[in-house]
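Chemist: The structure follows.
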């Protein structure tokens, strides 16, 4: 079920109304049923994967907590890691492994490869990367004694499947989300006010910004052979804005949806395109994922308390794994590697230069790296990305015909300005400071913009494919 769809528009108010009407002891059961319905609305058979992952992590966490020896705890953690990462590898990476890794180094011919791929390549279950990491984080926290395991399997199932953040995050920690799901809350208008504002703003930047940019980006990348250098550069810039507005819009809707129920999810973005370093960019972009990798991969590898050589290896591992998490393609590996090497260069050679006058050139250099890497992220292959980048520098084409909309350009400008304005804050806090007339004027602007100028095609959220 898409956030920007009529079924969700009917589903959400029904769930919220029933939630506050029901006695407290029944509310979590409503949320569990609603979450399974929400996910099953896409493809009901994939509910079995969530159930399987939930059951495995519920019992392995119990096993870890009850084990008296470190060996048994490690066995329990290994079971969780093997099961969850195995499912992720099977559904997300098996086809790529067969075609791009195994095939070039084996004697498998093309016909055999096609047979292998038809058998092993599956339709990627929506949200599998997100809920897999959420359940893994829980098991790891239990292993390290940072969390007490939930004894009720159905309550744990709600933590895994909570519908606002199930499909594309934010990836929540057990210690932050679990207790909120079961704490009694009285109806409060502030819940509706806060959540409604975030949802409305999220829908605006998704449907009026991202969805209007999408056709132009698709056209440039699909017709890159005929596009001029200027058009290719603009296409890369627009994709950077598209993916940000698309994913930021989703995150705001998810956070706002949970807020309607009195539940606070973690923020996922904080004006990342204002960053003056790759390190700062990753502290502002997809925060729930970057902090997950920090806590569950980088620190267990040794963190910063290792030799410079080991530190460099650890950082590159984190960024390359982050790239692979996004997709099964060498382009994602290269995307992660670009960020990783840039991070290391900054850390060892640039971070000591902190003069105020350097902020602008550092920002320019950071954005150059970020938007250059987005070309790899968007391209279907390394060859396509290389061609795109080389032609962006020296294309001899006269260009393609692109239809520009003054309204779309205005929406992009408004989004970027508002994103800068809400840095380290939020639209909710800003609206609280405005008069009632100003607040309702903003609401009316968002509603009329969505109704009249939303993208003509209802594009799926980009991060649903991850």
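The values are calculated or read from the model by the stated rules, or taken from the named source; none is laboratory data. This one's a predicted model, so the numbers in the text were calculated from it and none came from an experiment. Methodologically, a virtual Cβ is constructed for each residue, glycine included, from the backbone with ideal geometry; neighbour enumeration extends over all protein chains shown.
Chemist: Which of the numbered conditions does residue 158 fail, given that it passes all the others? Conditions: (1) buried (at least 22 other Cβ atoms within 10 Å of the Cβ); (2) assigned to a loop (DSSP other than H, G, I, E, B).
Modeler: Status for residue 158: all satisfied but (2).
Chemist: So, in segment 431-464, of the ones that are over 30 Å from residue 42 (Cα atoms) and crowded, with 16+ Cβ neighbours inside 10 Å, which residue ends up farthest from the chain's Cα centre (by Cα)?
Modeler: 439
Chemist: Pairs only if they're at least six apart or on different chains, beta carbon under 9 angstrom, first in segment 355-366 and under 15 Å from residue 274 (Cβ atoms), second surrounded by fewer than 13 Cβ atoms within 10 Å (Cβ to Cβ); list them, first residue then second.
Modeler: 362/353
Chemist: In addition: Only residues that are surrounded by 15 or more Cβ atoms within 10 Å (Cβ to Cβ) and free of Cβ contacts under 8 Å to residues at least 60 places away in the same chain: list them for segment 1-14, please.
Modeler: 1, 8, 11
Chemist: Among 247, 239, which is surrounded by 19 or more Cβ atoms within 10 Å (Cβ to Cβ), closer than 23 Å to residue 208 by Cα and over 14 Å from the mean Cα position of the chain (by Cα)?
Modeler: One residue alone meets the criteria, 239.
Matching residues to (1) in the same structural domain as residue 127 (by TED's automatic domain parsing); (2) without any contact (Cβ under 8 Å) to a residue 12 or more places away in the chain; (3) in contact with a helix residue (DSSP H, G or I) (Cβ under 8 Å, 6 or more places away or on another chain); (4) under 28 Å from residue 159 (Cβ atoms):
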{"residue": "177", "(1), (2), (3), (4)": "yes, no, yes, yes"}
{"residue": "195", "(1), (2), (3), (4)": "no, no, yes, yes"}
{"residue": "202", "(1), (2), (3), (4)": "no, no, yes, yes"}
{"residue": "229", "(1), (2), (3), (4)": "no, no, yes, no"}
{"residue": "233", "(1), (2), (3), (4)": "no, no, yes, no"}
{"residue": "239", "(1), (2), (3), (4)": "no, no, yes, no"}
{"residue": "266", "(1), (2), (3), (4)": "no, no, yes, yes"}
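Residues checked against (1) assigned to a helix (DSSP H, G or I); (2) touching a helix residue (DSSP H, G or I) at 6+ places or on another chain (Cβ under 8 Å); (3) surrounded by 14 or more Cβ atoms within 10 Å (Cβ to Cβ):
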{"residue": "259", "(1), (2), (3)": "yes, yes, yes"}
{"residue": "288", "(1), (2), (3)": "yes, no, yes"}
{"residue": "296", "(1), (2), (3)": "yes, yes, yes"}
{"residue": "300", "(1), (2), (3)": "no, no, no"}
{"residue": "305", "(1), (2), (3)": "no, no, no"}
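Chemist: Please verify whether segment 97-114 includes one or more residues that are assigned to a helix (DSSP H, G or I), under 23 Å from the mean Cα position of the chain (by Cα) and modelled with pLDDT of 65 or more. So that I can check it myself, show each step before the final result.
Modeler: Step one: filter segment 97-114 for residues assigned to a helix (DSSP H, G or I), giving 97-105, 110-114.
Right, trim to under 23 Å from the mean Cα position of the chain (by Cα) and you get none.
No, every residue in segment 97-114 fails to be assigned to a helix (DSSP H, G or I), under 23 Å from the mean Cα position of the chain (by Cα) and modelled with pLDDT of 65 or more.
Chemist: Let me ask another. Give the residue that is modelled with the lowest pLDDT, with candidates limited to residues of segment 423-461 that are assigned to a helix (DSSP H, G or I) and in contact with a helix residue (DSSP H, G or I) (Cβ under 6 Å, 6 or more places away or on another chain). Working first, answer last.
Modeler: From segment 423-461, those assigned to a helix (DSSP H, G or I) are 427-432, 436-453; that's our starting set.
Among the residues that remain, those that are also in contact with a helix residue (DSSP H, G or I) (Cβ under 6 Å, 6 or more places away or on another chain) are: 427-428, 431, 439, 446, 449-450, 453.
Details: 427: 91, 428: 91, 431: 92, 439: 94, 446: 94, 449: 92, 450: 91, 453: 86.
Result: 453.
Chemist: Any idea how many residues of segment 186-223 are surrounded by 22 or more Cβ atoms within 10 Å (Cβ to Cβ) and farther than 26 Å from residue 268 by Cα?
Modeler: The qualifying residues number 1.
Chemist: Which number in (1) assigned to a helix (DSSP H, G or I); (2) surrounded by fewer than 16 Cβ atoms within 10 Å (Cβ to Cβ); (3) within 17 Å of the chain's Cα centre (by Cα) marks the one condition that residue 267 misses?
Modeler: Unmet for residue 267, out of (1) assigned to a helix (DSSP H, G or I); (2) surrounded by fewer than 16 Cβ atoms within 10 Å (Cβ to Cβ); (3) within 17 Å of the chain's Cα centre (by Cα): (1).
Chemist: In segment 270-299, what count of residues is obtained for those that are within 19 Å of residue 316 (Cα to Cα) and either in the same structural domain as residue 11 (by TED's automatic domain parsing) or more than 16 Å from the chain's Cα centre (by Cα) (or both)?
Modeler: 9
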